[in-house]
Amino acid sequence: MGRLIVISNRVSPPGDETGASVGGLAMALSAALREHNGVWFGWSGRTTETFTGQLSFQRGGGVTVATVDLEDQDRQEYYNGYANRTLWPLFHYRIDLSAYERSFDEGYARVNARFADTVRPLVEPQDFIWVHDYHLIPMGRELRRRGVGNRIGFFLHIPWPARRLFTTLPNHRELVEALFDYDLVGFQSEDALSAFHDYVTQEAGGTVDADGQATAFGRTIQLGAFPIGLDAETFMEAAEGEVARGWRERMQKSLAGRRMIVGVDRLDYSKGLEERFLAYEEYLARTPAAHEQVFLLQVATPSRDEVPAYQEIRARLDGVSGRINGAFATADWVPIRYVNRSYRRDELAGIYRAGAIGLVTPLRDGMNLVAKEYVAAQDPEDPGVLILSQFAGAAEQMAEALVVNPFSREDVSDAIRRGLEMPRAERVRRWEALMDGVRTHDVVAWRDAFVAALLARPERAAG
Ligand code: ADQ
């Protein structure tokens, strides 16, 4: 069997093998790359004045990482533009935030072509290629144009939007047609998969059979739902390690007998943070007995801060959390601890463990790994309660959570009350079922299922 070539917007530099600071995806892909003697290709994150296409190689832990620099214009039009101002909001059902500008389209096409030019010489006949996420939808097509006949799979980490929303995108057809240049296209959830089916059958005049083979644009590809999981083993090890224990103790001390609700997110409008704060405010307003007894710790790490919508949501959250704290705080109690920094995974594990409730209420989310991390970090004897949005891909697999509508303050407020009052026996029962799923459907299972489905596709003749 040939080597695995992973192509994604950003790569994870080789090194940290403990999983303390590297995400689960990076760990899982690194392991697969090691196994298949592969290469991980992507943008270095740096920009230069003119594009040179010069590859930089780094090797470590048996993995080769190859990166290329982009131009500043690429960063603006491709990364901040089409990827994060057009596709990201649209795919998260926020057409009100979606910007359609031709320069973004051009930047997106240009960078995909540049990546394909750069990676092409690395591809050998027996290799198989796995492309990741919305930044690189046309990558398969670009590689085919350069004569790559190898098996190429694509996995979308974010939701696929409902047909009527998706067709607001001026070049929607072209984007879907490009997906038909892959051999396998994978989604996070059945919900995303069925939205894609809908497009194929209703908009593209194609068909999808019972095995998930889709035919349209004169081509047949395999579709599937491959829900991503956690690197459960390493995360649980980290949760038992010294750093996690230190944080657990530190948090226990700072609880001062109060109960903590915990939220951890990238600072992104899709994560429903404003709605979450307002639902928590509703809970406080309806439950005077909880004042001074409970607090919400919200960790929200700023991201994509060159994009205006991210600056706006950040300012709004500062305002809403400040207002709620001003209205409810007492001399020795602050109802919301709002923290704009990031933590290592082992630190997070310790923080999650101290939370009586994990509050995960995105308005739309491909999967949401925080929900799974919260579960994996709990004390089996005395676990906390997961409150989870029905609009996270994770909700399809985590039915034993308290599943809520994140748009309804009353629904979320009720779930907070119920979670805080839940008897230990019920918490343990729910947690055991959730943990079972987290363990079984982990990131290794996800990766192996995707790779197996890709390798099951017939080889094409090189063009
Ligand atoms: P994200 O939108 O980034 O990922 P999510 O899955 O919740 O969302 O988080 C990914 C990782 O980032 C987790 O390991 C989490 O611990 C970490 N993280 C988040 N906030 C953090 C913080 N404040 N500090 C430190 N670490 C933090 C996209 C999709 C998701 C999908 C993933 C993987 O949007 O739906 O689950 O990819 O496919």
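Summary of computed values
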| item | result |
| --- | --- |
| Every residue from segment 209-222 that is in contact with a strand residue (DSSP E or B) (Cβ under 7 Å, 6 or more places away or on another chain) and open to solvent by less than 40 Å² (accessible area, probe 1.4 Å) | 212, 214, 221, 222 |
| 1 or more residues in contact (Cβ under 8 Å) with a residue 40 or more places away in the chain and of a type in the set (Ser, Thr, Tyr): qualifying helices (runs of 4 or more DSSP H) within segment 379-463 | 409-421 |
| Selected residue (only one of 309, 290, 279 is open to solvent by less than 30 Å² (accessible area, probe 1.4 Å), in contact with a Ser or Thr (Cβ under 6 Å, 6 or more places away or on another chain) and either modelled with pLDDT of 95 or more or within 16 Å of the ligand (Cβ to nearest atom) (or both)) | 279 |
| All positions within segment 331-355 that are touching a Gly at 6+ places or on another chain (Cβ under 6 Å) and acidic (Asp, Glu) | 346 |
| Only listed residue being assigned by TED's automatic domain parsing to the domain that holds residue 236, more than 16 Å from the ligand (Cβ to nearest atom), among the hydrophobic types (A, V, I, L, M, F, W, C) and more than 28 Å from residue 131 (Cβ to Cβ), chosen from 354, 349, 399 | 399 |
| Count of segment 153-174 residues which are open to solvent by 10 Å² or more (accessible area, probe 1.4 Å) and either away from the ligand (no atom under 16 Å from the Cβ) or more than 23 Å from residue 441 (Cβ to Cβ) (or both) | 11 |
| Failed item in (1) hydrophobic (A, V, I, L, M, F, W, C); (2) buried (at least 22 other Cβ atoms within 10 Å of the Cβ); (3) within 16 Å of the ligand (Cβ to nearest atom), with residue 139 passing the rest | (3) |
| Strands (runs of 3 or more DSSP E) completely within segment 32-72 that count 1 or more residues being open to solvent by less than 10 Å² (accessible area, probe 1.4 Å) and outside the structural domain of residue 109 (by TED's automatic domain parsing) | none |
| Filter result for the condition that a residue is open to solvent by 20 Å² or more (accessible area, probe 1.4 Å), assigned by TED's automatic domain parsing to the domain that holds residue 98 and touching a strand residue (DSSP E or B) at 6+ places or on another chain (Cβ under 9 Å), over 191, 198 | 191 |
| Wholly enclosed helices (runs of 4 or more DSSP H) of segment 134-244 bearing at least 2 residues farther than 30 Å from residue 3 by Cβ, under 23 Å from the mean Cα position of the chain (by Cα) and of a type in the set (A, V, I, L, M) | 232-240 |
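The values are calculated or read from the model by the stated rules, or taken from the named source; none is laboratory data. On a predicted model such as this, the values are computed, not experimentally measured, just so you know. Every residue, glycine as well, gets a Cβ built from its backbone with ideal geometry; the counts of neighbours run over all protein chains shown. Side chains are part of the model used for accessible areas, which takes the heavy atoms of the whole protein and leaves out ligands, DNA and RNA. Shrake-Rupley method; radii C 1.70, N 1.55, O 1.52, S 1.80 Å.
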